[in-house]
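Read the structure below first, then the notes.
Bear in mind these aren't lab numbers, they're just calculated from the coordinates by the rules spelled out. Since this is a predicted model, take the numbers as computed values, not measurements. Positions of Cβ are generated from backbone atoms using ideal geometry, with glycine treated the same way; all protein chains shown enter the neighbour counts.
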Amino acid sequence: MSYKRHWDYNKDGCVELFRSENSACEALEIDALKLSAGQSFTSQTGEYEYVFTILSGVCSIEGGSFSFESVGKRMSVFEGKAYALYLPRRVDYTIKAETDLKIIMARCEASNDHKVKLITPEDIVVKNLGKPGFEREAHFLVDERMECDRIYVGENFIRGGQWSSFPGHKHDENNMPNEGFAEEIYYYEYDKDTGYGIQQVYTADRELDEAYAVRNGDIVEIPRGYHPCCVAPGYTGYLLWMMSCDNRGFFLTLDPEQEWQTK
């Protein structure tokens with residue numbers, strides 16, 4: 001099966017991109033929402049915890065116990081830090097677009113109740129990771145600082161010719177504290193319409209050995225294996241990474257064939 005799918009974000013509405021019944025990931029599901037200014041979308045979280053990452057646009061989001069107005073600032077993912085919203089299970093909500101709006105909605109089944117949390121640019125931790133050849137700027141939106149059950153979300157910004165998540169790492173088995181099981185899904189955009197990158201997903205024995213060309217609106221699930229990616233020269237790549245973790249955090253194993261490059 002192909003782990004790659006595509007979201008046509010020029011069309012209004014909510015799209016179910018990944019569901020456990022039709023994808024390799026079983027604990028992480030993804031929706032994508034596009035609204036034109038003035039449109040609204042109403043739903044409920046059910047038995048899931050959600051993180052809404054606002055890719056572009058401004059909106060209001062309200063429910064029975066919360067109301068946030070004029071959430072968002074950037075008009076593209078390349079215009080600064082994100083706004084995001086964490087919603088626990090069993091919450092009704094309405095999103096109303098004040099401008100044209102794009103949101104990626106990640107969800108995991110939850111067993112506990114947590115607080116609604118609006119993540120603003122001031123809450124985001126930025127880290128410059130890697131070394132020449134595989135440098136990226138990582139933005140941590142929902143991480144160990146927040147009380148959640150499983151969900152973990154951030155953004156990477158990658159310059160042309162650079163790799164991200166390199167050397168390849170994996171987190172497909174529980175061997176704590178070195179490695180913890182986590183499914184992951186990547187969403188991609190580029191600063192030009194013609195931008196693209198390459199996403200690998202492979203296992204040590206090469207039983208799984210996939211490589212996908214990824215462009216604006218593409219999204220790839222990573223149920224297991226190593227998963228480095230790169231951006232073509234001349235472009236800047238954006239990568240939204242979303243995880244469902246048995247142990248929330250980066251508990252991972254590097255590809256031993258490439259680990260020497262970190263020394």
C-alpha center-to-center spacing [the range 44-114, the range 1-41] in angstrom: 14 Å
Cα→Cβ-extended label distance, 7 Å offset, between residue 176 and residue 206, nm: 3.5 nm
Under 14 Å, Cα to Cα: Lys pairs in the chain, sequence gap 8 or more or different chains: 8
Mean separation of Cα contacts under 8 Å, 6 or more apart, over the residue count of the range 77-176: relative contact order %: 24 percent
Label-point separation, residue 60 to residue 232 (7 Å along Cα→Cβ), nm: 4.2 nm
Packing rank of 105-111, 148-154, where each peptide gets the mean count of other beta carbons within 10 Å, highest leading: 148-154, 105-111
Residue-by-residue Karplus 3J(HN,Hα) for the range 30-47, coefficients 6.51, -1.76, 1.60, Hz, glycine and proline x: 9, 10, 10, 10, 10, 10, 7, 3, x, 7, 9, 9, 10, 7, 9, 7, x, 9
Relative contact order of the range 1-146, pairs being alpha-carbon contacts under 8 Å that are 6 or more residues apart, as %: 25 percent
Karplus 3J(HN,Hα) series, Hz, for the range 98-103 with 6.51 cos²θ - 1.76 cosθ + 1.60 (x for Gly, Pro): 8, 9, 3, 9, 10, 9
Principal axis box of the chain, alpha-carbon based, largest edge first, Å: 51, 41, 36
Under the Karplus curve 6.51 cos²θ - 1.76 cosθ + 1.60, θ = phi - 60°, whole-Hz ³J(HN,Hα) for the range 248-263, x wherever Gly or Pro sits: 5, x, 9, 10, 9, 10, 7, 4, x, 6, 10, 4, 4, 6, 8, 6
